[in-house]
1. Taking segment 48-83 as the search range and keeping residues that are of a type in the set (Asp, Glu) and within 13 Å of Ala38 (Cβ to Cβ), which one is farthest from the chain's Cα centre (by Cα)?
2. When you scan segment 117-219 for helices (runs of 4 or more DSSP H) that lie fully inside it, which ones turn up with 1 or more residues that are modelled with pLDDT under 80?
3. Which residues, counting only those in segment 80-102, are open to solvent by 60 Å² or more (accessible area, probe 1.4 Å) and not aliphatic (A, V, I, L, M)?
Amino acid sequence: MGLLVINNEFLIYAASILADTNEGLSGSEICKFCTQYAVRYEKSITYTHQPFKKGTSSINKAQALETNLACFEPKEQFVIIQDLCDLDKFINTSKVQELKLALVKNYSHLAPQKISEQIIENVNQVRHWLDDYPETKKHYESALEKKNNKIYERNLLDDLRYSFESLIKSILRTNKSLENLKPELGNFLDKYKINVEVKNLYISTFFDFFTKYQNENVKHNACFESIEIDFIFNQTTVLMEFLITLHKQQY
């Protein structure tokens, strides 16, 4: 079970990123956003106006933001930090996206809605089956975590590729790259007497599409639309589910 509080060190880290001198929130933005959350959660916060002062001395933006964050409950802090990370101004700021990933990894149990409640039934089934394929599960869980929290979409698709590739390698007991596994995959499907139309659909449509899409749009160019993420995720899950189902027939 995760910690029920977000520790002070993380709050300081989050504030230093979100209120960065060059790329972060301005002092007025900190006042505006913190005041909005104070109203929403019926909290009193320390800093609502500039300049930020503590006693007779001034403090910087990051210190003010960290102090304000400390006025909220842990679940509220999670929402606030996540929401601030999702601001349009931070969409291409790698440090902020790393912060959001760290937030989710360490404190996802504080999120308003659990990740497990957001995913479809076949994803849950595949996650359970992947206990027998630990390397595959590691990448799949990483992709799932990023998908449900809208983090690092290119890295998400990379994780899916690694997950799918490691599953095939594990089942076929080979170290060949994904692009070079088609003949062996065909033989594997033949072994289970898969109908030729289904075999061709799997290999020529799903498999070829998946590898070509990854190579041309993700692996080298990072050229894809956000709306495509769910489709690719679900297709990868279908590909993996089919192979695992066949593989289980050996036991």
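The values are calculated or read from the model by the stated rules, or taken from the named source; none is laboratory data. As the structure is a prediction and not an experimental result, all values here were calculated from the model. Here the Cβ is made from the backbone with ideal geometry for all residues, glycine too, and neighbour counts use every protein chain on show. Note: accessible area is taken over every heavy atom of the protein model, side chains too, but ligands, DNA and RNA are not part of it. Shrake-Rupley method; radii C 1.70, N 1.55, O 1.52, S 1.80 Å.
1. Quick first cut of segment 48-83, residues of a type in the set (Asp, Glu) only: 66, 73, 76, 83.
Checking which are within 13 Å of Ala38 (Cβ to Cβ) leaves us with 73, 76.
Numbers: Glu73: 24, Glu76: 20 Å.
Residue satisfying both the conditions and the ranking: Glu73.
2. Numbers: elements: 121-129, 134-148, 153-172, 182-191, 196-200, 208-213.
Because the criterion is at least 1 residues that are modelled with pLDDT under 80, the helices (runs of 4 or more DSSP H) in segment 117-219 that meet it are 121-129, 134-148, 153-172, 208-213.
3. Going residue by residue through segment 80-102, those that are open to solvent by 60 Å² or more (accessible area, probe 1.4 Å) are 86, 88-89, 91-92, 94-95, 98.
Correct list: Asp86, Asp88, Lys89, Asn92, Ser94, Lys95, Glu98.
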